[in-house]
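First comes the structure, then the notes that go with it.
Any read-out appearing in this document is the output of simple, stated calculations on the displayed coordinates, not a laboratory observation. Only a predicted model underlies this, so the values are computations on that prediction, with no experimental measurement involved. Positions of Cβ are generated from backbone atoms using ideal geometry, with glycine treated the same way; all protein chains shown enter the neighbour counts.
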């Protein structure tokens with residue numbers, strides 16, 4: 001149990017700081033809210049009224065997020081490969097070239113379909 005005591009103390013301090021910050025902000029923070037302050041901030045653009053169902057987002061947002069995840073995962077796989085490159089030898093080089101080729105094919109497909117153009 002002595003080995004876990006510092007971890008528990010650090011967790012308790014973190015939780016106390018988070019709870020204390022929320023309570024202190026509600027006590028000290030401003031209480032006067034007006035209509036402009038309660039509206040969502042949209043970079044200076046006048047907010048448009050949303051339909052009652054919440055409206056629909058264009059599919060571009062989701063496609064962009066999925067593309068980010070695919071290429072981010074590629075970087076996650078490249079880092080350990082680069083660290084152990086000498087130990088893997090030719091086999092590791094060929095495997096990474098095949099992996100990079102499949103990702104490049106996906107990239108070329110998305111590029112040709114116009115998935116990287118933001119309108």
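Rounded to the nearest 10 degrees, what's the angle between the helix 85-113 long axis and the longest principal axis of the chain, both from Cα atoms, 0 to 90?
70
Could you calculate the FRET efficiency of residue 79 with residue 36 from 1/(1 + (r/R0)^6), where r is the beta carbon distance between them and R0 is 41 Å, rounded to 0.05? Numbers along the way, then the final one.
Working: r = 46 Å, r/R0 = 1.13.
Once the sixth-power term is evaluated, E becomes 0.30.
Going by how many other Cβ atoms sit within 10 Å of their own, how do 66, 96 line up, fewest first?
Values: 66 12, 96 16.
In increasing order of surrounding Cβ atoms, one gets 66, 96.
What order do you get for 81, 118, 111 when you list them from fewest to most C-beta neighbours inside 10 Å? Walk me through the numbers on the way to the answer.
Values: 81 15, 118 6, 111 11.
Lowest count first: 118, 111, 81.
Compute a Gaussian network model of the chain, connecting alpha carbons closer than 10 Å, and tell me which residue from 63, 98, 38 fluctuates the most.
Sorting by GNM fluctuation, first place goes to 38.
Stretched out fully, how many nm does the piece from residue 88 to residue 66 gain, at 0.36 nm a residue minus the Cα gap? Kindly include the intermediate steps, with their values, before the conclusion.
Details: separation 22, 0.36 × 22 = 7.92 nm, distance 3.02 nm.
Taking residue 88 through residue 66 to full extension adds about 4.9 nm, to one decimal.
Pulled fully out, how much extra length does the chain show between residue 2 and residue 106, if you take 0.36 nm times their separation in residues and subtract their Cα-Cα distance? List each step's numbers first, then the result.
Values: separation 104, 0.36 × 104 = 37.44 nm, distance 5.15 nm.
Gain on extension, residue 2 to residue 106, equals 32.3 nm.
What residue among 22, 70, 103 shows peak mean-square fluctuation when the chain is described by a Gaussian network model with Cα springs under 10 Å?
Top of the fluctuation ranking is 22.
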